[in-house]
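K.L.:
I have a structure here, written as structure tokens, and I will follow up with some questions on it.
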């Protein structure tokens, strides 16, 4: 640590900085100090819990919106919306699910899911039938049209990755971290 000439008691200057050398060396110190002040001000702002930039939720929310907007043109070609795509993903994997099972898998409540499923039924993508074992349970399954979209949608994830212009390793790491946090939050 160097002497406190510039007013920073904790300022660590590189060993090769001699404060008594000509202007060029002093200029480097000034640049270093300016950088230090900027880093210090960033740290101070990060300590304010009500700043937008300190919020954990905001970048996740903003990224979600950006990704959804990138999906839009891809899904428009299929005639479906992003929430409908999510329902189809579940049904392509599990064929038949109750409304409650769909809600759990998609993190949606019945109030959000029911109108979505009604629209999908009107588009002839799904069937909704009451369970014969328990009339309170509504079962959701794919129609032939809903099944036929699976092959057409197969390239959608790859197209999205291209649109994001990100390394697949970074996206996999992001997904892994988000899934860990999501599991802990539930």
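The values are calculated or read from the model by the stated rules, or taken from the named source; none is laboratory data. Computed from a predicted structure; not experimentally measured. Because the Cβ atoms are built from the backbone with ideal geometry, glycine has one as well, and the counts that use them run over all protein chains shown.
K.L.:
If you scan region 158-180, which residues turn out to be part of a helix (DSSP H, G or I) and exposed (fewer than 12 other Cβ atoms within 10 Å of the Cβ)?
P.N.:
In the first step, residues of region 158-180 are kept if they are part of a helix (DSSP H, G or I); the result is 158-164, 168-180.
Residues satisfying the conditions are 158, 162, 168, 169, 170, 172, 173, 175, 176, 177, 179, 180.
K.L.:
Can you say whether residue 145 is over 15 Å from the mean Cα position of the chain (by Cα), within 15 Å of residue 85 (Cβ to Cβ) and loosely packed, with under 15 Cβ neighbours inside 10 Å, as far as the supplied structure shows?
P.N.:
Details: over 15 Å from the mean Cα position of the chain (by Cα): yes; within 15 Å of residue 85 (Cβ to Cβ): yes; loosely packed, with under 15 Cβ neighbours inside 10 Å: yes.
Yes.
K.L.:
Of the residues 73, 59, 115, only one is part of a helix (DSSP H, G or I) and either surrounded by 14 or more Cβ atoms within 10 Å (Cβ to Cβ) or at pLDDT below 95 (or both); which? Even if it seems obvious, please write down each step before you answer.
P.N.:
Values: 73 fails: either surrounded by 14 or more Cβ atoms within 10 Å (Cβ to Cβ) or at pLDDT below 95 (or both); 115 fails: either surrounded by 14 or more Cβ atoms within 10 Å (Cβ to Cβ) or at pLDDT below 95 (or both).
Checking each option against the conditions leaves just 59.
K.L.:
Applying the selection to region 90-130, what residues are within 18 Å of the chain's Cα centre (by Cα) and closer than 21 Å to residue 154 by Cβ? Don't jump to the end; show me each part of the working.
P.N.:
Kept after step one, since they are within 18 Å of the chain's Cα centre (by Cα), are these residues of region 90-130: 105-108.
Of everything in region 90-130, those that are within 18 Å of the chain's Cα centre (by Cα) and closer than 21 Å to residue 154 by Cβ turn out to be 105, 106.
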